[in-house]
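Everything below concerns the one structure shown next.
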Amino acid sequence: MEGLLTGVYNAYLYIGYDLADRRTDNWFLVGKPWTLFVLLGLYLYFVKVAGPRFIKDRPAYNLDIIIAIYNITQVIVCFYLFIKGITFGWGTKLRFNCEPVDTSNNSDAIEMASWVWMMYMTKVFDLLDTVFFVLRKKSNQVTFLHVLHHSMTLVLFYTLARYAPGGQCVLDASINCFVHVVMYSYYFITNTFPQYKKNIWWKKYITQIQMIQFCFLILHNLPTVLQNDCGFPAFAGGMVLLESILMFYLFSNFYVRTYWKKKDN
């Protein structure tokens, strides 16, 4: 038993530290591998157990002002990160395909790594979406797709921030920022000005944009697992690839059920 525990501990040290980008050792919520498991565990426990139990015999909370601030903050932060990510120099200083991670300590490399860390922080912030649904008794919106998407995205961006903070993934994450600008703009308008909700015709196009994003991520990350000399870590590109394939499948099913089948009926 002692030998098994020692082996598990050594594996934890090897995966959590030896394989990691050591520049991130002291970064908030990244440097210690256990923080990911704590965050994910607390999120799932609140969503599935503590939150529903807490709100069961209470009236739904009115969080309109908090949600309005949250949504507009998401729009501003994601727009900033999108602009910042694009200005790193894709197609000039950086390659669109198979861009390796610069693991040096020069200012450009640290700036890009810090950008990936900020992206991870937005994914932690995104978890509040579900918290708001629970506290407002919107249990119909706490779907399997919603919870799975937030959970997998949190794990993915932790992995990128800890093991591959830069290179190929920055372009992918920049596009994700653009999608979130559109998405949270819609949420801001419909939650802050519900009287205009029926007049917003572009709701279904948000899902289409998300699906197009996943197609790009699939094509963009295929070389990382198919080319031996790609340069970007294959396991990180593979995680982006696998999550994108799964999310495209699930979002496609959601789109068909929500828009195509309703139209047929």
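The values are calculated or read from the model by the stated rules, or taken from the named source; none is laboratory data. As the structure is a prediction and not an experimental result, all values here were calculated from the model. Heads up, the Cβs are rebuilt from the backbone with ideal geometry, glycines too, and the neighbour counts pull from every protein chain shown. Accessible surface areas use protein heavy atoms only, side chains included; no ligands, DNA or RNA. Shrake-Rupley method; radii C 1.70, N 1.55, O 1.52, S 1.80 Å.
Determine which single condition R23 fails, assuming it passes every other condition in (1) loosely packed, with under 12 Cβ neighbours inside 10 Å; (2) in a helix (DSSP H, G or I); (3) modelled with pLDDT of 90 or more.
Looking at each condition in turn, R23 falls short on (1).
Return the pairs, sorted by first residue and then second, in which the second residue is of a type in the set (K, R), the first residue lies in the stretch 157-169 and is open to solvent by 10 Å² or more (accessible area, probe 1.4 Å), the beta carbons are less than 7 Å apart, and the residues are 6+ apart or on different chains.
F157/K123
Filter the stretch 133-156 down to residues that are among the hydroxyl-bearing types (S, T, Y) and open to solvent by 30 Å² or more (accessible area, probe 1.4 Å) and give me whichever is farthest from R58 (Cα to Cα).
Ranking the qualifying residues of the stretch 133-156, first place goes to T143.
Taking F216, is it at pLDDT 90 or above and either assigned to a helix (DSSP H, G or I) or in contact with a Pro (Cβ under 7 Å, 6 or more places away or on another chain) (or both)?
Answer is yes for this residue.
Sort through T103, T143, T130, T122 and tell me the only one that's closer than 22 Å to Q74 by Cβ, polar (S, T, N, Q) and modelled with pLDDT under 95.
Just one listed residue meets the conditions, T143.
State all residues of the stretch 48-75 that are within 20 Å of Y184 (Cβ to Cβ) and in a helix (DSSP H, G or I); if no residue qualifies, say none.
Matches in the stretch 48-75: D64, I65, I66, I67, A68, I69, Y70, N71, I72, T73, Q74, V75.
Of all residues in the stretch 40-62, count the ones that are open to solvent by less than 50 Å² (accessible area, probe 1.4 Å) and either within 11 Å of V147 (Cβ to Cβ) or in contact (Cβ under 8 Å) with a residue 40 or more places away in the chain (or both).
The total comes to 5.
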